[in-house]
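Novice: Mind looking over this structure? Questions follow.
The values are calculated or read from the model by the stated rules, or taken from the named source; none is laboratory data. Fair warning: this is a prediction, and the values are worked out from it, not measured in the lab. Counting neighbours? That spans all protein chains shown, and the Cβs are built from the backbone with ideal geometry, glycine included. Surface areas here come from the heavy atoms of the whole protein model, side chains and all, with no ligands, DNA or RNA. Shrake-Rupley method; radii C 1.70, N 1.55, O 1.52, S 1.80 Å.
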Amino acid sequence: RYSLFYNRLKNIEENEGGLDKFTKSYKSFGVNQFVDGGIYCKEWAPGAEAVFLTGDFNGWNPFSHPYKKMEYGKWELFIPPGQDGYPPVPHGSKLKVVIRAQNGELLYRISPWARYVVRDEDKVNYDWVHWNPPLSYVRKHPSPKRLKSLRIYESHVGIASPEGKVASYKNFTYNVLPRVKDLGYNCVQLMAIMEHAYYASFGYQVTSFFAASSRYGTPDDLKEMIDVAHSMGITVLLDVVHSHASKNSEDGLNKFDGTDSCFFHSGPRGTHQLWDSRLFDYANWEVLRFLLSNLRMWIEDYRFDGFRFDGVTSMLYHHHGIGTGFSGDYNEYFGLHVDEDALCYLMLANHMINFLHPECITIAEDVSGMPALCRPVAEGGGGFDYRLAMAIPDKWIQIIKELKDEDWNMGNIVHTLTNRRYEEKYIAYAESHDQALVGDKTLAFRLMDAEMYTNMSVLSPLTPVIDRGIQLHKMIRLITHALGGESYLNFMGNEFGHPEWLDFPRKGNNESYHYARRQFNLTEDHLLRYRFLNAFDRDMNKLEERFGWLASPPAYVSEKHESNKVIAFERAGLIFIFNFHPYQSYVDYRVVIWHSSLTVIFKYKILLDSDAAEYGGHQRLDHSTEYFSEEYPHNYRPNSLMV
């Protein structure tokens with residue numbers, strides 16, 4: 001794998017003038033304005049017989065501005081400035097690339113490199129709009145330094161409002177970012193930014209890879225949003241989709257040059273049978289240029305601080321993970337079923353990002369557990385910084401769905417939370433956007449279900465269902481946060497147990513926005529119990545910010561007691577103790593402390609208590625109590641204390 005990566009990198013150095021020049025192609029492809037006012041256009045359309053540019057600027061004459069055919073399927077066009085020195089293609093004018101296909105048909109296409117596309121309300125397809133404002137947004141704040149502890153707030157701009165509409169970049173900037181900061185998250189992961197024609201695809205059917213979605217506002221609005229986040233010390237990651245592309249041809253990449261290949265594999269290999277989308281040909285030189293330049297553009301133009309790569313499992317294997325289970329056997333990760341070209345692309349992507357922007361972060365969404373995915377490329381690894389611990393949310397769902405409280409297996413919980421590849425960093429999460437979507441249920445909804453509609457008011461009795469749900473919601477999140485990885489993620493709204501599910505407007509729900517929103521207002525109503533969960537999530541994050549357990553070595557688990565239903569562990573100098581027993585409390589319970597000194601007595605105090613009143617608990621613990629270590633062996637350690 002490293003040999004394949006090295007050979008491709010060497011070819012880039014020898015034939016393309018180096019990685020820097022090769023990945024800067026986003027500044028030359030598409031339609032770009034020169035300083036003197038002229039317009040330079042460049043496209044890659046290997047299957048085209050002829051290429052033209054048309055639009056508002058030439059009265060939509062399809063043949064007045066032909067491109068010149070170059071080597072390797074490239075086409076170029078230069079339009080000089082007008083006599084008055086003004087650019088021939090004004091800012092805001094609509095454009096199309098006209099492709100004469102091999103069968104003589106004329107195809108009107110959006111450039112794959114288009115920076116801004118919009119859709120009029122009375123139209124189905126998107127239009128390409130030339131974006132070159134006379135005054136562009138100028139950033140005011142430097143990017144934050146690379147974080148040691150990542151606390152990620154997974155977000156979708158369009159649903160980030162209690163109102164039933166598509167919310168804006170401006171709304172996120174001034175209403176959501178302050179909330180993220182207050183909750184103690186230091187990183188925002190933005191979904192559905194790359195333009196996608198179908199809103200209900202959650203942004204995973206990308207049509208224009210270089211365009212920020214116009215349904216939320218302008219490119220400058222997004223730049224301002226990221227700049228304001230940086231002013232708050234918040235890192236901003238882009239959920240990037242390079243695993244597949246929308247099948248749209250009128251306003252997407254599909255059949256751009258009239259053939260079924262171009263950016264994709266031809267034939268059945270070029271289509272994902274479950275997603276009904278097109279699959280990139282990662283061995284193609286121009287596809288590498290397109291995708292690598294795409295990453296660089298998002299970093300350098302918008303100042304994103306890194307990426308979460310979606311659908312990595314689909315990229316890694318020719319079977320795309322369809323109908324395949326992964327047990328951890330190495331035969332599952334090495335063989336002809338692995339798509340080495342896709343893996344090589346990921347290695348190139350991470351190498352480029354690390355080489356040009358070493359402060360940036362990359363995350364892999366891989367369910368298979370591919371070994372060394374988060375080890376450096378120089379070791380033959382994939383080069384990612386983090387991978388998602390995707391087994392953890394599945395485990396919590398399985399436990400809640402299938403087991404009675406008294407049957408919860410402490411050892412199995414600990415195993416799932418600690419079972420990760422040595423020296424590869426994992427992002428732990430109890431639930432993400434996947435669990436919030438219609439057809440699934442959030443943890444809060446699984447725990448409390450219909451009673452969330454009637455019994456979340458403090459004026460109503462605290463029923464056993466609501467009581468159990470609130471307490472387990474806090475405990476599950478804290479143990480996942482503290483034990484499950486080297487970073488933590490939460491999907492917006494789930495921190496306070498957002499009721500109901502997430503469903504975008506579509507024909508099946510009469511185009512309703514009722515479920516395509518986040519009801520942040522619920523946490524501001526002091527008569528509702530949602531504020532308890534919100535406060536606990538905030539203080540949990542603030543405690544991690546203070547002690548940095550995510551950046552600390554893995555926890556030492558001293559107890560996983562099956563009959564007592566107790567889990568105890570130590571990390572970053574803190575002792576975490578969880579009592580999952582449905583009805584039993586314990587007095588004078590002995591737990592291990594890691595310190596082995598026989599001469600020093602250590603004093604401990606409670607820092608965070610899920611049973612505190614401000615978190616909707618029953619106030620059964622006295623926070624003024626001090627706990628002292630004893631030279632008393634317990635669970636194979638020399639010192640312990642009583643709690």
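Novice: Regarding segment 29-51, can at least one residue be identified that is farther than 27 Å from GLU300 by Cα, in contact with a Ser or Thr (Cβ under 9 Å, 6 or more places away or on another chain) and open to solvent by 70 Å² or more (accessible area, probe 1.4 Å)?
Specialist: No, segment 29-51 has no match at all.
Novice: Quick one: in segment 220-241, which of the residues that are open to solvent by 10 Å² or more (accessible area, probe 1.4 Å) and of a type in the set (Gly, Ala, Ser) is farthest from ARG308 (Cα to Cα)?
Specialist: The qualifying residue farthest from ARG308 (Cα to Cα) is SER231.
Novice: Which one of ALA229, ALA211 is within 22 Å of HIS357 (Cβ to Cβ), assigned to a helix (DSSP H, G or I), under 18 Å from the mean Cα position of the chain (by Cα) and among the aliphatic types (A, V, I, L, M)?
Specialist: On the way: ALA211 fails: assigned to a helix (DSSP H, G or I).
That would be ALA229, the only listed residue that is within 22 Å of HIS357 (Cβ to Cβ), assigned to a helix (DSSP H, G or I), under 18 Å from the mean Cα position of the chain (by Cα) and among the aliphatic types (A, V, I, L, M).
Novice: Among the residues of segment 394-404, write down those that are within 21 Å of PHE569 (Cβ to Cβ) and either of a type in the set (D, E, K, R) or assigned by the TED database to the domain that holds ALA436 (or both).
Specialist: Step one: filter segment 394-404 for residues within 21 Å of PHE569 (Cβ to Cβ), giving 395-396, 399.
The one that is within 21 Å of PHE569 (Cβ to Cβ) and either of a type in the set (D, E, K, R) or assigned by the TED database to the domain that holds ALA436 (or both): LYS395.
Novice: Further, regarding this structure: Which of the residues that make up segment 518-530 are of a type outside the set (A, V, I, L, M, F, W, C), out of contact with any His (no Cβ under 9 Å at 6 or more places or on another chain), surrounded by fewer than 21 Cβ atoms within 10 Å (Cβ to Cβ) and under 15 Å from PRO162 (Cβ atoms)?
Specialist: Restricting attention to segment 518-530, the residues satisfying the condition of being of a type outside the set (A, V, I, L, M, F, W, C) are 518-519, 521, 523-526, 529-530.
Checking which are out of contact with any His (no Cβ under 9 Å at 6 or more places or on another chain) leaves us with 521, 523-526, 529.
Of the ones still in play, those that are also surrounded by fewer than 21 Cβ atoms within 10 Å (Cβ to Cβ) are 521, 524-526.
Answer for segment 518-530, where residues must be of a type outside the set (A, V, I, L, M, F, W, C), out of contact with any His (no Cβ under 9 Å at 6 or more places or on another chain), surrounded by fewer than 21 Cβ atoms within 10 Å (Cβ to Cβ) and under 15 Å from PRO162 (Cβ atoms): ASN521, GLU524, ASP525.
Novice: Check segment 201-219 and report whether any residue there is at pLDDT 95 or above, of a type in the set (D, E, K, R) and out of contact with any helix residue (DSSP H, G or I) (no Cβ under 8 Å at 6 or more places or on another chain).
Specialist: No - not one qualifying residue is present in segment 201-219.
Novice: Just checking, how many residues over segment 588-625 are assigned to a loop (DSSP other than H, G, I, E, B) and within 30 Å of ARG531 (Cβ to Cβ)? Step through it out loud before you land on a result.
Specialist: First, pick out the residues of segment 588-625 that are assigned to a loop (DSSP other than H, G, I, E, B): 588-589, 593-602, 605-612, 616-625.
Add one more test, that the residue is within 30 Å of ARG531 (Cβ to Cβ), and what stays is 605-612, 616-625.
Final tally of qualifying residues: 18.
Novice: Shifting gears a bit: From LEU443, LEU502, which residue is in contact with a strand residue (DSSP E or B) (Cβ under 6 Å, 6 or more places away or on another chain) and either open to solvent by less than 20 Å² (accessible area, probe 1.4 Å) or outside the structural domain of HIS156 (by the TED database) (or both)?
Specialist: Checking each option against the conditions leaves just LEU502.
Novice: If you take the residues of segment 291-338 that are part of a helix (DSSP H, G or I) and among the acidic types (Asp, Glu), which of them is farthest from the chain's Cα centre (by Cα)?
Specialist: We begin by selecting, within segment 291-338, every residue part of a helix (DSSP H, G or I); these are 291-302, 312-316, 330-332.
Keeping just the survivors that are among the acidic types (Asp, Glu) gives 300-301, 332.
Values: GLU300: 19, ASP301: 19, GLU332: 26 Å.
Restricting to residues being part of a helix (DSSP H, G or I) and among the acidic types (Asp, Glu), the top hit is GLU332.
Novice: Among the candidates ARG303, ARG289, which residue alone is under 26 Å from GLU49 (Cα atoms), surrounded by fewer than 23 Cβ atoms within 10 Å (Cβ to Cβ) and in contact (Cβ under 8 Å) with a residue 12 or more places away in the chain?
Specialist: Numbers: ARG303 fails: under 26 Å from GLU49 (Cα atoms).
The conditions single out ARG289.
Novice: Also, quick follow-up: Within segment 35-63, work out how many residues are touching a residue at least 40 places away in the same chain (Cβ under 8 Å) and assigned to a loop (DSSP other than H, G, I, E, B).
Specialist: Counting residues in segment 35-63 that are touching a residue at least 40 places away in the same chain (Cβ under 8 Å) and assigned to a loop (DSSP other than H, G, I, E, B) gives 9.
Novice: Within segment 509-587, which strands (runs of 3 or more DSSP E) (wholly inside it) include 1 or more residues that are under 22 Å from LEU641 (Cα atoms), polar (S, T, N, Q) and touching a strand residue (DSSP E or B) at 6+ places or on another chain (Cβ under 9 Å)? Break it down stepwise before answering.
Specialist: Values: elements: 556-561, 566-571, 574-579.
Those strands (runs of 3 or more DSSP E) span 556-561, 574-579.
Novice: Is it the case that some residue within segment 52-61 is under 17 Å from ARG115 (Cβ atoms), in contact with a Ser or Thr (Cβ under 7 Å, 6 or more places away or on another chain) and surrounded by fewer than 20 Cβ atoms within 10 Å (Cβ to Cβ)?
Specialist: Checked segment 52-61: at least one residue is under 17 Å from ARG115 (Cβ atoms), in contact with a Ser or Thr (Cβ under 7 Å, 6 or more places away or on another chain) and surrounded by fewer than 20 Cβ atoms within 10 Å (Cβ to Cβ).
Novice: Which is open to solvent by 50 Å² or more (accessible area, probe 1.4 Å), assigned by the TED database to the domain that holds THR54 and either polar (S, T, N, Q) or over 29 Å from LYS24 (Cα atoms) (or both), of ASP182, ASP120?
Specialist: ASP120
Novice: Could you tell me whether any residue of segment 13-34 is touching a Gly at 6+ places or on another chain (Cβ under 9 Å) and assigned to a loop (DSSP other than H, G, I, E, B)?
Specialist: no
Novice: Next question. In segment 430-475, what residues are among the polar types (S, T, N, Q) and either under 28 Å from VAL188 (Cβ atoms) or in a helix (DSSP H, G or I) (or both)?
Specialist: The answer is SER432, GLN435, THR442, GLN471.
Novice: Tell me which residues, restricted to segment 246-276, are in a strand (DSSP E or B) and touching a Ser or Thr at 6+ places or on another chain (Cβ under 6 Å).
Specialist: Hits for segment 246-276: nothing passes.
Novice: Inside segment 585-610, can you point out the residues that are open to solvent by less than 50 Å² (accessible area, probe 1.4 Å), closer than 18 Å to VAL566 by Cβ, in contact (Cβ under 8 Å) with a residue 40 or more places away in the chain and not basic (Lys, Arg)? Quick ask: steps written out before the conclusion?
Specialist: Taking segment 585-610 first, the residues open to solvent by less than 50 Å² (accessible area, probe 1.4 Å) are 589-593, 597, 604, 606, 608-610.
Next, only the ones that are closer than 18 Å to VAL566 by Cβ stay: 589-593, 604, 606, 608-610.
Still in the running and in contact (Cβ under 8 Å) with a residue 40 or more places away in the chain: 589-593, 608, 610.
Answer for segment 585-610, where residues must be open to solvent by less than 50 Å² (accessible area, probe 1.4 Å), closer than 18 Å to VAL566 by Cβ, in contact (Cβ under 8 Å) with a residue 40 or more places away in the chain and not basic (Lys, Arg): TYR589, VAL591, VAL592, ILE593, LEU608, SER610.
Novice: Hey, any hits in segment 418-429 for a residue that's open to solvent by 10 Å² or more (accessible area, probe 1.4 Å), under 20 Å from GLU559 (Cβ atoms) and in a loop (DSSP other than H, G, I, E, B)?
Specialist: yes
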